[in-house]
1. Fully extended, how many nm does the chain gain between A163 and D21 (0.36 nm per residue separation, minus their Cα-Cα distance)?
2. What dipole magnitude, in Debye to the nearest 20, does the chain give about its Cα centre under +1 on Lys/Arg Cβ and -1 on Asp/Glu Cβ?
3. Lys/Arg Cβ at +1, Asp/Glu Cβ at -1, dipole of the chain taken about the Cα centre: which of A45, T281, P5 is farthest positive-ward?
4. What lysines could a cross-link reach from K166, if we take a straight Cα to Cα line under 25 Å and drop same-chain neighbours fewer than 8 places away?
5. Give the order of R25, R46, R326 when sorted by the count of other beta carbons within 10 angstrom, beginning with the fewest.
6. From the phi angles alone, apply the Karplus equation (6.51, -1.76, 1.60; θ = phi - 60°) to region 128-143 and give each ³J(HN,Hα) in whole Hz, x where the residue is Gly or Pro.
7. What angle, in degrees between 0 and 90 and rounded to the nearest 10, separates the Cα long axis of helix 54-66 from the longest principal axis of the Cα atoms of the chain?
8. Report the relative contact order of region 4-326, percent, no decimals, based on alpha-carbon pairs under 8 angstrom and at least 6 residues apart.
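The numbers here are math on the coordinates, done by the rules we state, and not lab data. Remember, it's a predicted structure, so these values are computed and weren't measured experimentally. Note that we place each Cβ from the backbone using ideal geometry, even for glycine, and neighbour counts take in every protein chain shown.
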Amino acid sequence: MSASPDVTAFYYLWYGTAAHDGAWRHWNQLAHQPAGDIASAFYPARAPYSSRDPAVLADQMQELRRARIGVIAVSWWGQGGWDDQSLDALFAAAKAAGIRISFHLEPYQGQTAASVATDIRYLLGRFGSSPALFRVSRATASDSSQSRRAVFYIFASSRLVPAELKTALDGLRGTPNDSIVLVHSPKAASATRVDADGVYTYDAMASPASFAGLVSDCRAANLICSPSVSPGFDNRQAVATNQKVVERQDGARYDAMWQAALAANSEWVSITSFNEWHEGTQIEPAVDFSAGTRKYTGYENAYGTAAANAPVAYLARTAYWIGQMRAGG
């Protein structure tokens, strides 16, 4: 089964281990003590891992392919950071597996509308010639270009001054750095206001009922719409305040979001997420696990799976829904 270029999974490259990297990164958030005690309500089937381990990256790319996901949007926090320094290995692994990469620009300290454009130029300067970079031809209301352009997602774009972001994006149009840019919003007008090419929702707690109107509004405005589907949400092990939970319901929550996205005839679909373990939105394999006082529940009973099939339940279900999407529903 071929991977779909119309489905993108949000992907996180920020994990590190003491054995591989000299110190734990992210698994130890909120004073957790890995490897048995991690900042997640779930436990990875491969155990807490390093995002810089080539073997891990190779395995993850194969898992994406088995799920029929063709593209990842890698979380990126600015030039020179941990994830920025880890990109070369990710691009190598993605190239080997036939996975394509787009970028999810996060709201790092000091980010401005002008720096967004600078970051796009920087990333294209590094990876613009890579066969692993996701490019697509899609003219929009904001850019009539038929050229194959790289794709960027801007998270929390509402933090940026709209007029300044519009100026920054307009400055990329018609240049070698012209890109397809989607802003994080549940409203098509958010893209129109800043001359972006479309919107994505990301929100794991969004109502599936909201997808139809958003997709319709974007279609009418000739914008790309990528509603984000998610299996659930649980950040209680990663944050001290604003803790929230959306139960997975043994897969029913994920199904409801996919059904809504397909019923709306979405042009693209994004998945929140492949491996955001802190918020419990991951579809990456997880297992039942106990260590001391910590007990983790994997994906047992999701879609009626058990034992050996449970860890990959959401990968298998993703492949099913992508098959439905490519078959036209």
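1. Length gained, A163 through D21: 47.0 nm.
2. Dipole about the Cα centre, nearest 20: 460 debye.
3. Selected residue: P5.
4. Correct list for K166: K187.
5. Taking fewest neighbouring Cβ atoms as first place, the list is R326, R46, R25.
6. x, 9, 6, x, 7, 6, 6, 10, 8, 9, 7, 6, 9, 4, 8, 7
7. Between helix and principal axis, roughly 70 degrees.
8. 20
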